[in-house]
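K.L.:
Structure provided below as structure tokens; questions to follow.
The values are calculated or read from the model by the stated rules, or taken from the named source; none is laboratory data. Worth saying up front: this structure is predicted, and the values here are computed from it rather than measured. Glycine gets a Cβ as well: all are built from the backbone with ideal geometry, and neighbour counts include every protein chain shown.
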Amino acid sequence: MDDLATNLVVAKAMLQHLGCSVVTAPDGAKAIEKYENENFDLVLMDIQMPVMDGVQATKALKAKHIQTAPIIALTANALLGDREKYLGEGLDDYIAKPINFEAIVAVLKKWFPQGRKP
């Protein structure tokens, strides 16, 4: 659990350093609940979460909404083909753990080319 908490703290700090507002959820079900109650420009969805994993949460959001904010897989699964697997499951992009600053910047530039920050 410490490793997961550390990953969350690091990702949150990187995003805040880039000027992003950050909201966290402890599991996929809570992520859906928060998505329904707030307006998000981007979602970093951890694939391995308790209660409901990131793939299940993504599918639930996309089944309910015609359009969603980009949902980015955040996962330690970084073997050949994992990126394609998660994109095939409905996630919009992919970042492998351990998360690094360059990967966060690349995703933000890709999804917000005009420099608007989520």
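K.L.:
Within the range 15-26, is even one residue within 19 Å of PHE101 (Cβ to Cβ) and in contact with a strand residue (DSSP E or B) (Cβ under 7 Å, 6 or more places away or on another chain)?
P.N.:
Looking for residues that are within 19 Å of PHE101 (Cβ to Cβ) and in contact with a strand residue (DSSP E or B) (Cβ under 7 Å, 6 or more places away or on another chain), one finds none in the range 15-26, hence no.
K.L.:
Taking interchain pairs and intrachain pairs at least six residues apart, which have beta carbon atoms under 9 angstrom, with the first residue in the range 1-27 and at negative phi and in a helix (DSSP H, G or I) and the second among the acidic types (Asp, Glu) and at pLDDT 90 or above?
P.N.:
Cβ pairs passing all conditions: LEU4/ASP46; ASN7/ASP46; LEU8/ASP46.
K.L.:
While we're on this one: Of the conditions (1) touching a residue at least 24 places away in the same chain (Cβ under 8 Å); (2) under 19 Å from ASN7 (Cβ atoms); (3) among the aliphatic types (A, V, I, L, M); (4) not in a loop (DSSP other than H, G, I, E, B), ALA103 fails just one. Which one is it?
P.N.:
Result: ALA103 passes all but (1).
K.L.:
Are any residues in the range 35-59 surrounded by fewer than 20 Cβ atoms within 10 Å (Cβ to Cβ), under 14 Å from the mean Cα position of the chain (by Cα), outside any loop (DSSP other than H, G, I, E, B) and among the polar types (S, T, N, Q), and if so, which ones?
P.N.:
Selection gives GLN56 alone.
K.L.:
Next up: Here are some conditions: (1) over 15 Å from VAL107 (Cβ atoms); (2) free of Cβ contacts under 8 Å to residues at least 40 places away in the same chain. ARG83 meets all but one. Which one does it not meet?
P.N.:
So ARG83 meets the others, but not (1).
K.L.:
In addition: Please tell me if ALA78 is within 17 Å of ASP46 (Cα to Cα) and over 11 Å from the mean Cα position of the chain (by Cα).
P.N.:
yes
K.L.:
Then there is this: Which condition does ILE32 not pass, out of (1) touching a helix residue (DSSP H, G or I) at 6+ places or on another chain (Cβ under 8 Å); (2) outside any helix (DSSP H, G or I), if it passes all the others?
P.N.:
(2)
K.L.:
Test of understanding: among ILE32, ILE72, which residue is farther than 21 Å from PRO113 by Cβ and surrounded by 14 or more Cβ atoms within 10 Å (Cβ to Cβ)?
P.N.:
ILE32
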